[in-house]
Structures are given as structure tokens and as C-alpha cells.
Amino acid sequence: MKIYFAPLEGITGYIYRNAYEAVYGGIDKYFAPFISPSDKCPMTNKERKDILPENNSGINLVPQLLTCKAEHFNEALDELKDLGYKEVNLNIGCPSGTVCAKGKGAGFLRDTDTLKDFLEDIYNHADKQDMSISVKTRLGYSDPDEFYELMEIFNEFPLSELIIHTRIKEDMYKGEPRLDYYSYAIDNAKFPLVYNGNIFTAGDYSNYCIRLNHELESVMLGRGLIADPSLPQSLQGGDIKFDYKKFWELHDLVYHEYQKVIFPDINTLYRMKELWSYWKVNFDNSDRVFRRIVKAKKYNDYESVINDLK
């Protein structure tokens, strides 16, 4: 089984990726939070820092691009090639309202004619540059039946992989995955597929395989992997007990690396609090624990809570 680490904006930057790889490993591909190229530049300095090879040594990183303009995509692809990358990922699955309002992310799924022209432009360019492009999509914008037309379009192009989040834009991250449509993709796709959506335990994975009557050979994990960093190991060998020793090793590594590059205290703590919104489920009295962490304004306050938990 191949396991991919989904991009979560503000969470899975290079500090978290490197820390996770050092403590747990077992990830076949990490996907960087999206780069949004514009008329001004293919990527900002902050975006470039996150994907610089020297900040991602020893991990298999795939940069992700979020745009609805082929010229912007191609300019960013050229710069990523110069940095040594061989593959990029197109994000047409982000359900954020501000993103979709600009026709990007899942908002692009509403205009299939423009999407088709866009794909033709970027794949022609990628072929000349000897670059691969994978696509991360949702089933559609407002109706999952939109997926049938999308699959016809995708099948016209040499996708290296299609990562399918089994919801529509309007679902956001709520509701059950729409597995019937993934089953349709299994039967009709001309390229490798990657399943994404609602895998939080090894039991979830097994259940989806049973319902699909198909072994999911590649999965992308996001929220479930943040909440339980040992999830990939569970998927590979059955449910395992949450390893608090490894968890605290990950926590401390991320925390201390953030302290080196983010100032003042409150900004580092904001990042840690976002992680704790996922991590808290692994602790008794999770809401009480999280409330104490949220109240922390200085490192000493935060570390006092953490020492009590340890």
C-alpha cells in the first residue's frame, strides 16, 4: 500500500513534514500546501521556502499548485523544475469559499469547458518540460453526478495519478464518503487512483475496501493522520495502540523548531493550538485539556500544561 500525506495549509509545512519523517516515517509522498501563482510571481518567498530542496531533505515531496490560469501554472512548473522537481500536483478540490469564488480549487469544477482547455495547455507544456502532473479533485461542485463528465475529461490527459476526495464542494468535510463514485473511477480511469476522505482508523480503511470490493492500493491521509500520527503503521499492520512516547517526540521536535523561526511566543503557540485541535482526541478530558492550551499566551504557560499531560 502507498500512503500519501495530504497538504493542510498552516499545518503540514516543512517543519512538520521533517519532524514526522524523523519520528515515524513510512510516507511514500508528502504533498506541500498549495502554491498560488499570480501575475506578480510564480510563488511567494514564503511558498518557495517551504518547498526548497534543502528544507525537505530525505523526503519525497510533491509541490501542489492552485490556479485556474494555465500561464500561471506553467510558470510555476518551470520554476519547480529548476528546483529539481519532477512532479507537481494540481489542486481542483479545495472547497474554501474564498478560493472557489475566484474559480480556483473546487470552483474550477463548475466550468468544464475552461477546465478542459486549461488541462490541454498545462499537459502540453509539462510534456515539453518532461514533468508529470497529478490531479487532486472532488466529485463535483454541487452534484456528485458531475463526476461522470469530469472522468471523461480526465481520461483525455496523461495524469500521473488522480487523487479523489469522495465528496462534492458543498459537502466540505461533512457527511459520509460517496463511495459509489470512487467505484466508478476504479472501473473507468485510465491512470492510477488515490483514495482520499474519512480514513481515521484501520477499521475505516478495511470498511471502505469491503464496500468497494476493492483493495485501496494508494491512500491520501490528512486530518486522520494529524490526529493519530501512527495511523500509517495501523493501516500497514492492523490497529495498534497509540504510542505516547513517539507522539511526545514529534510534539517536542515540532514545538522547538517552530520556536526557532516564528516570533513572538503567541505566533508559535497559535500553530501548536491548531495541532492540538486534532491531537486532543488522544487524551482523557480532551475538551478540558484543549481549553487549558488555548488559554496559554506565553511559552511558560503552554509548557506547564504540557508537562502536566506528560
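The values are calculated or read from the model by the stated rules, or taken from the named source; none is laboratory data. Everything quoted here is computed from the prediction, not taken from an experiment. Positions of Cβ are generated from backbone atoms using ideal geometry, with glycine treated the same way; all protein chains shown enter the neighbour counts. Keep in mind that these areas ignore ligands, DNA and RNA; they rest on the heavy atoms of the full protein, side chains included. Shrake-Rupley method; radii C 1.70, N 1.55, O 1.52, S 1.80 Å.
Worth a mention:
- Failed condition for L275, given (1) surrounded by fewer than 16 Cβ atoms within 10 Å (Cβ to Cβ); (2) touching a residue at least 60 places away in the same chain (Cβ under 8 Å): (1)
- Matching entry among S218, S234 (being touching a strand residue (DSSP E or B) at 6+ places or on another chain (Cβ under 6 Å), polar (S, T, N, Q) and open to solvent by less than 20 Å² (accessible area, probe 1.4 Å)): S218
- The requirement of being out of contact with any Leu (no Cβ under 8 Å at 6 or more places or on another chain), free of Cβ contacts under 8 Å to residues at least 60 places away in the same chain, assigned to a helix (DSSP H, G or I) and open to solvent by 10 Å² or more (accessible area, probe 1.4 Å) is satisfied by D127.
- All of I199, I164 fail the test of being closer than 21 Å to E217 by Cβ, in contact (Cβ under 8 Å) with a residue 24 or more places away in the chain and in a loop (DSSP other than H, G, I, E, B), apart from I199.
- Subset of the range 57-73 (residues that are assigned to a loop (DSSP other than H, G, I, E, B), farther than 12 Å from I133 by Cα and touching a strand residue (DSSP E or B) at 6+ places or on another chain (Cβ under 8 Å)): I59, N60, L66
- Residues being of a type in the set (D, E, K, R), outside any helix (DSSP H, G or I) and touching a Gly at 6+ places or on another chain (Cβ under 9 Å) are entirely absent from the range 292-306.
- Against the conditions (1) closer than 17 Å to P7 by Cβ; (2) open to solvent by 10 Å² or more (accessible area, probe 1.4 Å); (3) in a loop (DSSP other than H, G, I, E, B); (4) not small (G, A, S), P42 satisfies every one except (1).
- Flag if Y173 is touching a helix residue (DSSP H, G or I) at 6+ places or on another chain (Cβ under 9 Å), in a loop (DSSP other than H, G, I, E, B), of a type outside the set (D, E, K, R) and open to solvent by 40 Å² or more (accessible area, probe 1.4 Å): yes
- In the range 74-101, the residue that is nearest to R138 (Cα to Cα) out of those that are part of a strand (DSSP E or B) and open to solvent by less than 20 Å² (accessible area, probe 1.4 Å) is I92.
- Checking each residue in the range 18-38 for being crowded, with 18+ Cβ neighbours inside 10 Å and either assigned to a loop (DSSP other than H, G, I, E, B) or out of contact with any helix residue (DSSP H, G or I) (no Cβ under 7 Å at 6 or more places or on another chain) (or both) picks out N18, E21, Y24, I27, K29, F31, A32, P33, F34, S36, P37.
- Tally, over the range 131-153, of residues that are more than 19 Å from P177 (Cβ to Cβ) and either touching a residue at least 12 places away in the same chain (Cβ under 8 Å) or touching a strand residue (DSSP E or B) at 6+ places or on another chain (Cβ under 9 Å) (or both): 6
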